[in-house]
Amino acid sequence: MSHMAEPSLDRTTVPALQRWKEEARRIVMTTAYDAVTARIADSVVDVILVGDSVGNVCLGFENTLPVSIAMMNHHLEAVARTGPRALLVADMPFLSFHLSPEETIRNAGGFLQRGADAVKLEGGAKRIEMVRALVDCEIPVMGHLGLTPQSVNVMGGFKVQGRKLDDASRLLEDAHRLQEAGCFALVLEGIPAELATRATETLTIPTIGIGAGPGCSGQVLVFHDVLSLTEGHRPKFVRAYLDGFQLLREALSRWATDVRSGTFPAAQESYRLPQEFADTIANWTPPSPT
Ligand code: KIV
C-alpha cells in the first residue's frame, strides 16, 4: 500500500479535528477499555480515549494514581485490535511523563506502536517540556487542564477548578502555552462554563469538555457513566442515558432464576445425540470397580 494513501473518509485524524473546530462541528469522545466497549463506542463517536480512568472504573482502584504503563498497554492493545475508525487516544498514566523526556517519549511512543493515534497527558506549564519533546518526535498530544484526577492529592479531592480569578487566569495561560507547545486539542475538566467558553474562543485548537459547560468544541464522558454501568455517586456533569447497572443486573438475575428452576437450558439450547445410539447411551451402565 502506498504511504500516500488518503485515510478513509470515515477515519478521524488529528488534522480532521482541527478542521472541525473551524467548521464548528462538535467532537464526541468517550472512553473504551476493552474490545467490547471499543466496538460499541466506535460505531458512534469520533474519538476513543483509553483513559487512565480504567483504574477506578474497571480495576477497582479508588483513583487513577495506581495505573501503570503496563496496565494501559494491556487495555490499549485490546481496544486497538478492534481497528477503530475513531481517533484512538491513549492516556499517559501518573509518573509515565514526569521523570525525563526520554522516558516520556519511550512510554508515549510505545502507545503509538500499539495502535494509538495520539496520547493525552494532564497538566499545564509544568508539563510543557514533555509536550514539546513528544511533539518533536511526531507524537500528537492532547492536553488536559482543570480538574486533573492525577492531582487529586494536591487539589484535596475531586473539586471544580478555576473558580478564583487567579486560578482562572492561570488556566487560560496554561491552555495557550500548551497550544504553543504543539498540543492538537485540550480536555477541559471540571471548570466553570464561562472559563471553558473563553478558552475555546481564544484558542485555535479544539477543546473537549467534561463538566466544563456547553461552550467547548466537543464533549467527553466516560462510557460507563453515559450508560450508568457502575454503582455509586454520579457527578453533576454526567447525564446517564441508560440505567445499565440495573438493566444488566435484572437480565442476569432472570437467567439465574431459570437455572435454579431448571428451565435453562431448554431443548433449543442443547445438543442431541444421533437417534441411532441415543438409546444405547441412555442405558449405559458404569463398569464395575476393578
Ligand atoms: O481517563 C479519563 O477517562 C479521562 C477523561 C475523563 C477525560 O481523562
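Rule-based calculations on the coordinates, nothing more; no lab input. Just so you know, these numbers come straight off a predicted model, no measurement behind them. Counting neighbours? That spans all protein chains shown, and the Cβs are built from the backbone with ideal geometry, glycine included.
Report the trypsin sites (Lys or Arg not before Pro) located in segment 144-237 that are in a DSSP loop and have at most 13 other Cβ atoms inside 10 Å of their Cβ, or state none. Before the final figure, lay out the partial values.
Working: sites: Lys159, Arg163, Lys164, Arg170, Arg177, Arg198, Lys236; in loops: Lys159, Arg163, Lys164, Lys236.
Filter output for segment 144-237: Lys159, Arg163, Lys164, Lys236.
Quick check: residue separation of Phe245 and Gln268 times 0.36 nm, minus the Cα distance between them. What number comes out in nm?
On the way: separation 23, 0.36 × 23 = 8.28 nm, distance 2.86 nm.
Difference between extended and current length: 5.4 nm.
Please state the relative contact order of segment 14-242 as a whole percent: Cα pairs under 8 Å, 6+ residues apart?
Normalised by residue count, the contact order of segment 14-242 is 18 percent.
Please work out how much length the chain gains when fully extended from Phe277 to Ala125, using 0.36 nm per residue of separation minus the C-alpha to C-alpha distance, in nm with one decimal.
Additional length available on full extension: 47.0 nm.
So who's got an amide H within less than 5 Å of the one on His144, skipping anything under 5 residues away but keeping other chains? H placed 1.01 Å off N, in plane.
Residues meeting the criterion, in which the H sits 1.01 Å from N, are Leu121, Gly123, Val187.
Figure the gain on full extension for Ser288 and Leu172 (residue separation times 0.36 nm, minus the Cα-Cα span) and round it to one decimal in nm.
33.4 nm
Using a Cα-Cα cut-off of under 21 Å, which lysines could be cross-linked to Lys236, ignoring same-chain neighbours fewer than 8 residues away?
Leaving aside lysines fewer than 8 places away in the same chain, those within reach of Lys236 are Lys159, Lys164.
Could you give the Stokes-Einstein D for segment 42-176 in µm² per second, using the C-alpha Kirkwood radius, 4 °C, 1.567 mPa s? Please list the in-between numbers first.
Working: Rh = 15.5 Å.
Here the translational diffusion coefficient equals 84 µm²/s.
Among Ser53, Ser253, Ser96, which one shows the biggest mean-square fluctuation in a GNM of the chain, springs joining Cα atoms closer than 10 Å?
In the Gaussian network model the winner is Ser253.
In 10 Å bins starting at 0, how do the alpha-carbon pair distances of the chain split up by percent?
6, 25, 31, 16, 7, 7, 4, 3, 1
Out of Val259, Val89, Val45, any idea which swings most in a Gaussian network model of the chain, alpha carbons joined below 10 Å?
Highest fluctuation of the listed residues: Val259.
Go ahead and set up a Gaussian network model of the chain, Cα springs under 10 Å, then flag whichever of Val67, Val152, Val119 fluctuates most.
Maximum fluctuation in the GNM of the chain, among the listed residues, is at Val152.
Rounded if a/c is under 1.5, else prolate if a/b is larger than b/c, else oblate: which is segment 13-62, with a ≥ b ≥ c the root eigenvalues of its Cα gyration tensor?
Because a/c hits 1.5 or more and a/b exceeds b/c, segment 13-62 counts as prolate.
Apply 1/(1 + (r/R0)^6) to the Cβ-Cβ distance of Ser100 and Glu138, taking R0 = 22 Å, and write down the FRET efficiency to the nearest 0.05.
The computed FRET efficiency comes out at 0.70.
Could you pull out which residues in segment 48-64 have an amide N less than 19 Å from a spot 7 Å beyond the Cα of Asn153, following the Cα-Cβ vector?
So the set is 52-53, 55-56, 61-64.
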